[in-house]
Each structure stands twice: as structure tokens, then as C-alpha cells.
Amino acid sequence: MKPWYIRLPERLRLETNLINKVYPNTRISQRKGRIEVYLKFRWKGKLYNIMMYYPDRFPYDHPEVVITSPRINPAPHMFGDGRLCLWGVDDVGPQTSGKVILDWACGWIRSYEEYRRTKHWPDGNKWENQRESSNPLLRRRA
């Protein structure tokens, strides 16, 4: 089967345009047969390098995110392999864009910094209000 970005070129254009519009300092590339997005995100003077990759079965499987630097010790809402836990089962679907996943990753970093400072992960998801309102794929359907 052809990769999703070959089968769905319009979706690839949409993903690329959404990400570049909101995060103009991203680098999007094809590597090892998958689309990878690299974002430098600065929060309170600290620079985080984020890597998001689209799985083969996108949009039915969702992009995954890791922080490539600085090195982050195990933290809440982080899987053992370093991937960030950004959503619950009912929070994503084929309409969820990579741009929204990056929004959530940036929110995770803000929560992580608060956790480092207070040793308490913020209640709820501080980026919760960004979910549907920032997802143009959902807005277009309305």
C-alpha cells in the first residue's frame, strides 16, 4: 500500500499549510518513509526541540510526539519510550490535524514546566480549550 501522503496529497498539503501558518519555524521532511515535523518551541526562556511523526496509517492512526532536547526524565503523561501522552481515546479521530497535536505538545511543555516547579502536574489539560476550536478540519464541517 502506498504511504498516506501519496494516497492523500490534499491532506498532506492541508497538514503542511496548517502547521506552517501557526508554526512558521517548523521543518517538515520525509524520512524513513514517513513525514516528520521538527519544531523549536521556546517557553519561559527554555528551548525545546519537538519531533512529531505521522504514522503509516494516518489519518486513522495519529501523529506521535517526542521531545528530542533537552533530555526529559520520566514525567507524568509520558510513555516509557519518550512519546508524550497528549490525548485520551475519545479526543482524536481522522479529522485531528498534526497542527492540533503540536498545539497539545506545546501545552504539555507548559504543564511539564509547572510540574518541574511545583512537583504537581496541573489538573486537567491547560490546552483543552484549543482542541476543537483550533482544529480547522472540524470547523470546516460545521
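Apply the Karplus parameterisation 6.51 cos²θ - 1.76 cosθ + 1.60, with θ equal to phi minus 60°, to every residue of the range 88-102 and state each ³J(HN,Hα) to the nearest whole Hz, in sequence, with x for glycine and proline.
x, 4, 8, 8, 10, x, x, 7, 6, 8, x, 4, 5, 4, 5
Based on the alpha-carbon gyration tensor of the range 5-70 and its eigenvalue square roots a ≥ b ≥ c, which shape applies: rounded if a/c is under 1.5, prolate if not and a/b is larger than b/c, or oblate?
prolate
Kindly express, to the nearest 10 degrees and within the range 0 to 90, the angle between helix 9-22's C-alpha long axis and the longest C-alpha principal axis of the chain.
30
Across the range 1-71, how many lysine pairs, 8 or more apart or on two chains, come within less than 27 Å at their alpha-carbon atoms?
Summing the qualifying lysine pairs gives 6.
When ligands, DNA and RNA are left out and all protein chains stay put, how many square angstrom of accessible area per residue does the range 46-89 have with a 1.4 Å probe?
Computed with neighbouring chains in place, this is 52 Å² per residue.
If DNA, RNA and ligands are ignored and the probe is 1.4 Å, what is the ranking of F58, F41, F79 by accessible area, most exposed first?
From most accessible down to least: F79, F41, F58.
Quick check on the chain: helices-only [θ] at 222 nm, where DSSP H runs of length 4 and up contribute -39,500 (n - 2.57) each and the sum goes over total residues. Nearest 500, please.
-9500 deg cm²/dmol
With a 1.4 Å probe and all protein chains kept in place, how do K119, K99, K40 rank by accessible area, largest first?
K119, K40, K99
Given H placed on each backbone N at 1.01 Å, which residues far from C85 in sequence or on other chains put an amide H within less than 5 Å of it?
M78, F79
Given axes a ≥ b ≥ c from the Cα gyration tensor, I'd like to know whether the chain is rounded (a/c under 1.5), prolate (a/b larger than b/c) or oblate.
Verdict is prolate for the chain.
Please list, in order along the range 74-86, the HN-Hα scalar couplings obtained from phi with the Karplus expression 6.51 cos²θ - 1.76 cosθ + 1.60 (θ = phi - 60°), rounded to whole Hz, x for Gly and Pro.
x, 9, x, 6, 9, 6, x, 8, x, 5, 7, 8, 10
The values are calculated or read from the model by the stated rules, or taken from the named source; none is laboratory data. From a predicted model like this one, the values you see are computed outputs, not experimental measurements. Areas reflect the complete protein model, heavy atoms only, side chains present, ligands, DNA and RNA absent. Shrake-Rupley method; radii C 1.70, N 1.55, O 1.52, S 1.80 Å.
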